[in-house]
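Note sheet for the following structure.
The values are calculated or read from the model by the stated rules, or taken from the named source; none is laboratory data. Here the structure is a predicted model, which is why all the values come from computation and not from measurement. Neighbour counts run over all protein chains shown; Cβ positions are idealised from the backbone, glycine included. Calculation scope for accessible area: heavy atoms of the full protein, side chains included, ligands and nucleic acids excluded. Shrake-Rupley method; radii C 1.70, N 1.55, O 1.52, S 1.80 Å.
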Amino acid sequence: MADAPTPQDTIPAPAADADLMRQMFATIHLIRTFEERAAEEYMRGNIGGFLHLAIGEEAAVVGSVMALRPTDPITSTYREHGQALARGSDPRAVMAELFGRATGLCGGHGGSMHLMDRERFFFGGYGIVGGSVPLAVGLGFAISYRHEDGVALVMFGDGATNQGVLMESMNMAKLWNLPVIFFCLNNQYGMGTAVDRASAETELFKRADAFDMPSRRVDGMDVMAVYQAVTDAAHHARTEQEPSMIEAIAYRYRGHSMSDPDRTRPEEEKARWHARDPLITFERVLLGEGTVTAEDLTAIRDRNSSTVEDAVAFANDSPVADDATLADDVYAHPWTDDPRGSAEMPQVRP
Ligand SMILES: Cc1ncc(C[n+]2csc(CCOP(=O)(O)OP(=O)(O)O)c2C)c(N)n1
Ligand SMILES: [Mg+2]
């Protein structure tokens with residue numbers, strides 16, 4: 001492992017208190033419930049386009065998002081329903097966005113792959129593999145330029161680690177001392193292709209070595225391990241103005257998207273990762289430590305079920321996004337047909 005922060009560089013995660021641990025479990029369960037319900041609605045034809053579920057990856061999502069401050073910007077891939085929910089986006093607005101409704105998080109213009117919640121510093125899901133990476137470097141640059149103490153975190157998959165843009169972005173972030181966390185959620189497959197069939201170097205955190213950047217690998221099925229790793233990385237970025245990389249190893253239980261029947265991955269492999277499901281393992285830890293009771297868990301499950309049912313009902317009852325508004329949010333300034341550019345564009349030269 002390359003240059004992992006030494007113990008004196010790091011502070012322990014604020015010993016996750018019982019409330020926070022309960023909140024983490026509840027959020028993992030909310031995301032699971034939300035996405036299982038979204039899959040049903042997709043099969044009913046209520047959700048169009050693509051739908052990529054992160055079922056199985058929730059511990060990595062929740063552990064990372066919850067280790068940040070609510071004002072630390074995040075960018076992500078198209079597999080990002082959980083990131084929005086963990087950031088506190090309204091489940092009604094997220095479900096309505098999946099349904100393409102005017103009440104959706106982005107007015108129904110973005111759909112499942114393009115959730116964005118500016119108010120919550122969630123700067124979006126992106127369909128282009130690696131596309132979210134340079135945007136996070138830009139957000140890190142803005143933080144640094146304004147002398148703020150935020151940290152930008154970008155989530156990307158194992159597939160993105162072979163995109164040139166990751167190398168360009170990591171180089172720039174390290175060269176300019178930007179507070180960025182490169183968070184690789186390695187679910188071990190890019191579509192149906194296993195990492196060892198796509199990457200000459202399968203220890204993906206080693207990508208950071210080329211930029212003299214600290215990096216580490218963490219168990220992405222263990223929410224507390226992820227929480228600790230991101231807490232350390234965020235502290236390092238805030239105090240040392242140095243970017244770092246984390247590779248979280250997890251597994252998605254379903255196919256790449258709803259249109260992938262997932263017939264090529266070995267059943268034995270799937271069973272092994274199902275046994276490590278955070279809803280099973282983290283529940284065991286919480287019950288064992290007395291952090292939750294069986295009644296608490298029932299209350300959490302009931303609450304999440306009602307939240308998701310309410311979100312589906314809200315989405316169903318909402319009006320479909322109006323075609324006439326389709327291009328409304330494409331440009332920051334109103335579009336004109338003038339080929340020389342819009343008169344509304346700011347003047348760059350006097
Ligand atoms: C630049 C680019 N190339 C190819 C694709 C098609 N594509 C969509 S998702 C995907 C796999 C990406 O895998 P990974 O980065 O591991 O993320 P995961 O889907 O596993 O979360 C590919 C190749 C794309 N969207 N963008
Ligand atoms: Mg992957």
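Once C-alpha pairs closer than 8 Å and six or more residues apart are averaged by separation and normalised to the residue number of the chain, the relative contact order reads 24 percent. For the peptides 103-113, 136-146, the ranking by mean Cβ contacts within 10 Å, running from highest to lowest, is 103-113, 136-146.
Averaging the Cα positions of each part gives two centres, and for the range 261-337 and the range 29-91 these lie 5 Å apart.
Packing, as the average of other Cβ atoms within 10 Å across residues, places the peptides 180-192, 299-311 in the order 180-192, 299-311, highest first. In order along the range 18-24, the phi-based Karplus estimate (6.51 cos²θ - 1.76 cosθ + 1.60, θ = phi - 60°) of 3J(HN,Hα) comes to 4, 4, 5, 5, 5, 5, 5 Hz; Gly and Pro are listed as x. Among the protein heavy atoms of the chain, carbon and sulfur supply 53% of the accessible surface, probe 1.4 Å, non-protein parts ignored. Is the shape of the range 92-217 rounded, prolate or oblate, going by the alpha carbon gyration tensor and its root eigenvalues a ≥ b ≥ c, with a/c under 1.5 for rounded and a/b larger than b/c for prolate? The shape class here is oblate. Placing +1 on each Lys and Arg Cβ and -1 on each Asp and Glu Cβ, with no other charges, gives the chain a dipole about its Cα centre of roughly 320 debye. For residue 153, the residues 5 or more places off, or on other chains, whose built amide H falls under 5 Å of its own are 74, 75, 181.
Just name one of 304, 187, 60: the one whose Cα is farthest towards the positive end of the charge dipole of the chain (beta-carbon charges, Lys/Arg +1, Asp/Glu -1). Farthest towards the positive pole: 187. With protein chains left intact and a 1.4 Å probe, residues in the range 7-325 average 42 Å² of accessible area per residue.
Determine the shape class of the range 20-143: with a ≥ b ≥ c the square roots of the Cα gyration tensor eigenvalues, call it rounded for a/c under 1.5, and otherwise prolate if a/b is greater than b/c, oblate otherwise.
Oblate shape, in that a/c is at least 1.5 and b/c is the bigger or equal ratio.
Coupling constants for the range 231-248 follow from the phi torsions by the Karplus curve (6.51 cos²θ - 1.76 cosθ + 1.60, θ = phi - 60°), and in residue order they are 4, 4, 5, 5, 4, 4, 5, 5, 8, 10, 6, 10, x, 8, 10, 10, 10, 9 Hz; glycine and proline get x. Across the range 88-100, rounded Karplus estimates of 3J(HN,Hα) from the backbone phi angles (6.51 cos²θ - 1.76 cosθ + 1.60, θ = phi - 60°) give x, 4, 5, x, 4, 5, 5, 5, 5, 5, 4, 7, x Hz, Gly and Pro being marked x. Shape class of the range 211-256 from the Cα gyration tensor (axes a ≥ b ≥ c, square roots of the eigenvalues): prolate, since a/c reaches 1.5 or more and a/b is larger than b/c. When the P(r) is computed for the chain, the part past 32 Å accounts for 31% of the Cα-Cα pairs. Take 83-89, 22-28 and order them by the average number of nearby Cβ atoms within 10 Å per residue, most first; the result is 83-89, 22-28.
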